[in-house]
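In what follows, a single structure is set out as structure tokens and then discussed.
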Amino acid sequence: MKVHEYQARELLVDAGVPVPASHVVDTVEAAVDAATNIGGKIVVKAQVFAGGRGKAGFVKLCDTPDQVREAATFMLANRMVSVQTGAEGIEVKKLLVASAVDIESEYYVAVVLDRAKKCPVVMVSTEGGVEIEVVAKEKPDAIVKRWLHPHLGLMSFQLAQLVAALGFTDKAQAKAASKVIRGLVDVFYKYDCALAEINPLIRTPDGDVLAIDAKMNFDDNATFRHKRLQEMFDPREENQMELAAKEHDLSYIALDGNIGCLVNGAGLAMATMDIIKLHGGEPANFLDVGGSVTAEAATEAFRIILSDDKVKGILVNIFGGIAKCDLIAEALIAAAAQIGFKVPVVVRLEGTNVDRARELLEAAKIPQITTATDLADAANKVCAKVA
Amino acid sequence: MSILVDKDTKVICQGITGKAGAFHTAGCLEYGTKMVGGVSPGKGGTRSEHDLPVFNTCHDAVKATGADVSMIFVPAPFAADAAMEAADAGCSVVVLITEGIPTLDMVRARDFVEEKGTLLIGPNCPGIITPGGCKVGIMPGYIHKPKNGSGHAVGIISRSGTLTYEAVWQCTTRDIAQTTCVGIGGDPVKGLNFIELLERFQKDEDTDAIIMIGEIGGTDEEQAAAYIERHVTKPVVAFIAGQTAPPGKRMGHAGAIISGGEGTAASKVAALKEAGVSVADSPAALGETVAAALKSR
């Protein structure tokens, strides 16, 4: 789960990390009021999940309240289109109006899970303000890492090393930087983050250390124990079909192709996408119905796939383990009756109760359905049908 | 031979009175696994629906039954603790089936379990099966083929459940047996990984070749490739799922995500090929690829 920048800032502020004065607003008037209230130079930032805000004109530096009015009017009236949003763009509902402080130095600070080391890692760099992937590629030595002990977390000596790596020598500034790193690590643990990043952390000419932009990603498996994150969840930022699928315990991801997939198991679902591509087709989605799927949820899965107009054919690939083939066959028959298939459906079933499933499908005589003997046969048939 | 579990392994189930725990305990019993009891806090002293003794704690269960493997179906919020309890009670292998465990819980639990010298399988996995001997998990038993006589047998290591069944089925229908199949799970932080299992299959006399099934996310496959190059002399066949997966999207499994340019299928395939592994382009080609590898041996 992701949250907006202003929400990540709230969590940081609560953990004792200083940020420039700011207000979150949802109208032009409130934006102007906030700017007047803060005073001085102002930055107006659209609050959306997608990146590429700066280039799209949705982060604006303003010298006067009139410029703030202009920026806010533009951002709230237009959809933001960036490389990450697709052509349809995304509606902006909230703006962050913040003091645009002078910057002397920029830094990068983040906590992320290191899968290979099986523990969180703190990463700092004096190359702040740019994408860390670029730094990692071009100047790997510019990133200093300290791994967090599974039970003890960040130790004081590690913190001192990280602060030193950022080049803070002034005592007060070093203390301020320590507080920022400690605060970020605390947030990471407190809210089960997958990523907690401040980029950039800055030093002003006056020696203030402030977090300018923050990005956080949370472990979806842990949101059940964080009421505050549940309240921050913004369903409007999610793909609506993916949300609808989640309500039925289906794991669905929309893609660009024209062959819909219905599969049990995440690995097999990915492999099914891969084999479609290998046979010259393009998958329209990832869909894992899971092991303990019900007939209703399976029928809903067909409804979701068929609601995508791009879909010109469907491949059903089930290897029944816990999931039973006959249940999927019943869902196919129910979907044919309730929704109706306007496109060809190729069905490959194997595993638990497969014989009964084949009998059911045979008896139902649904003209759009073709059966396949194995995975390669299924991919061939569905690709031939949509070609 | 087999690795990790065999026909004499005594197994308990944590969460035996829950729906999934009860259902799969029945499945394991039916397959012939020596299920000897279960754990369900507050229900100690009763009998399960399979007429197995139920205990309040893992320690009680291990003490009374002599079990050395625990299969865990405890709900996600409590599952990491259950794994630590099993390790503390002295289980040598813990199979954690539960899906959806918070990652930071697993960071701590994995470390604790390892410290105890216990081998952890999972979480978010189908379990382990030694065909014809012992099933500790949720896989359909009948698709597997036990090793008997002089025919070839493979060991399977996989991050995916149903894709493993696919691989098993392609072997079984080609008359290739399996020594042991291990689902290591789809989570980012897990117990045994490819390397630890490659090592065991390399040592196992009955295993003629190894199938490893990876997927996008992390660098486990790249590390496995480096290990194979140095230490594995048996043929290894691989498939990497998610070649068409878009970056930044979590593909069902918590661990299946390409982030920051890391974890792509292309990188994994290249590393494995470099290490001399036969990588199947298609998930439908696993059986024929392993058959070819065994023939040339």
Check your understanding: Quick one: is B:A86 modelled with pLDDT of 95 or more, under 20 Å from the mean Cα position of the chain (by Cα) and either assigned to a loop (DSSP other than H, G, I, E, B) or surrounded by 23 or more Cβ atoms within 10 Å (Cβ to Cβ) (or both)?
Key -> yes
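Sort through A:V121, A:V144 and tell me the only one that's within 14 Å of chain B (Cβ to nearest Cβ) and part of a strand (DSSP E or B).
A:V121
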Review point. Looking at this structure, is A:A222 away from chain B (no Cβ under 11 Å), more than 20 Å from A:A378 (Cα to Cα) and either at pLDDT 90 or above or part of a helix (DSSP H, G or I) (or both)?
Key: no
Study note, to complete from the structure: Residue pairs within 8 Å by beta carbon, gap of at least six or interchain, first lying in region B:86-107 and without any contact (Cβ under 8 Å) to a residue 12 or more places away in the chain, second crowded, with 22+ Cβ neighbours inside 10 Å and aliphatic (A, V, I, L, M), listed first then second, are B:L104/A:A222
Point to revise | Set A:V32, A:V17, A:V13: member being β-branched (V, I, T) and not in a helix (DSSP H, G or I) | key: A:V17
Practice item. Please give the number of the condition B:P283 fails out of (1) surrounded by 20 or more Cβ atoms within 10 Å (Cβ to Cβ); (2) within 20 Å of B:I3 (Cβ to Cβ); (3) touching a helix residue (DSSP H, G or I) at 6+ places or on another chain (Cβ under 6 Å). Key: (2)
Exercise for review: Those residues that are more than 7 Å from every other protein chain (Cβ to nearest Cβ), touching a helix residue (DSSP H, G or I) at 6+ places or on another chain (Cβ under 6 Å) and more than 18 Å from A:L243 (Cβ to Cβ), I need them from region A:272-298; list them, please.
Suggested key: A:I276, A:H279, A:G280, A:G281, A:A295, A:A298
Practice item. Take region B:123-161 and flag every residue that is within 13 Å of chain A (Cβ to nearest Cβ) and not in a loop (DSSP other than H, G, I, E, B). Key: B:G127, B:I129, B:K135, B:G137, B:G141, B:Y142, B:I143, B:I156, B:I157, B:S158
Check your understanding: Within region B:48-71, is even one residue within 14 Å of another protein chain (Cβ to nearest Cβ) and either within 16 Å of the chain's Cα centre (by Cα) or outside any loop (DSSP other than H, G, I, E, B) (or both)?
Key -> no
Practice item. Assess whether A:L210 counts as being assigned to a helix (DSSP H, G or I), in contact with a strand residue (DSSP E or B) (Cβ under 6 Å, 6 or more places away or on another chain) and more than 14 Å from chain B (Cβ to nearest Cβ). Key: no
Practice item. Please identify the pairs in which a residue from region A:237-266 that is part of a strand (DSSP E or B) has its Cβ atom under 8 Å from the Cβ atom of a residue that is of a type in the set (V, I, T) and loosely packed, with under 15 Cβ neighbours inside 10 Å, counting only partners at least 6 apart or on another chain. Key: none
Review point. Only one residue in A:I314, A:I339, A:I318, A:I333 is over 33 Å from the mean Cα position of the chain (by Cα) and either more than 12 Å from chain B (Cβ to nearest Cβ) or in contact (Cβ under 8 Å) with a residue 24 or more places away in the chain (or both), so which one is that?
Key: A:I333
Point to revise | Top-ranked residue of region A:164-207 - restricted to ones that are hydrophobic (A, V, I, L, M, F, W, C) and within 14 Å of another protein chain (Cβ to nearest Cβ), ranked as surrounded by the most Cβ atoms within 10 Å (Cβ to Cβ) | key: A:A196
Revision key, fill the gap. The correct count of residues that are touching a residue at least 40 places away in the same chain (Cβ under 8 Å) and more than 7 Å from chain A (Cβ to nearest Cβ) in region B:260-284 is 15
Exercise for review: Those residues that are of a type in the set (A, V, I, L, M) and either within 19 Å of A:C119 (Cα to Cα) or facing chain A (nearest Cβ under 9 Å) (or both), I need them from region B:97-113; list them, please.
Suggested key: B:I101, B:L104, B:M106, B:V107, B:A109, B:V113
Study note, to complete from the structure: Restricted to region A:248-271 and to residues being under 17 Å from A:V345 (Cβ atoms) and at the interface with chain B (Cβ under 7 Å from one of its Cβ atoms), the residue surrounded by the most Cβ atoms within 10 Å (Cβ to Cβ) is A:A269
Exercise for review: Go through (1) more than 25 Å from the chain's Cα centre (by Cα); (2) in contact (Cβ under 8 Å) with a residue 60 or more places away in the chain; (3) surrounded by fewer than 19 Cβ atoms within 10 Å (Cβ to Cβ) one by one and return the number of the condition A:D26 breaks.
Suggested key: (1)
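Can you tell me how many residues within region A:351-387 are outside any helix (DSSP H, G or I), crowded, with 21+ Cβ neighbours inside 10 Å and either on the phi > 0 side of the Ramachandran plot or of a type outside the set (S, T, N, Q) (or both)?
1
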Exercise for review: Kindly check whether there is at least one residue in region B:31-43 that is within 14 Å of another protein chain (Cβ to nearest Cβ) and either within 29 Å of A:S292 (Cα to Cα) or surrounded by fewer than 18 Cβ atoms within 10 Å (Cβ to Cβ) (or both).
Suggested key: yes
Check your understanding: Pairs, please: C-beta under 8 Å, at least 6 apart or cross-chain, first residue at the interface with chain A (Cβ under 7 Å from one of its Cβ atoms) and in region B:234-252, second part of a strand (DSSP E or B) and of a type in the set (D, E, K, R)?
Key -> B:A241/B:E215; B:G242/B:E215; B:M251/B:E215; B:G252/A:D288
Check your understanding: Within region B:46-63, how many residues are more than 22 Å from B:D81 (Cα to Cα) and not hydroxyl-bearing (S, T, Y)?
Key -> 5
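The values are calculated or read from the model by the stated rules, or taken from the named source; none is laboratory data. In this text the structure is predicted, and so the values were computed from the model without any measurement. Backbone-built Cβ (ideal geometry, glycine too); neighbour counts: all protein chains shown.
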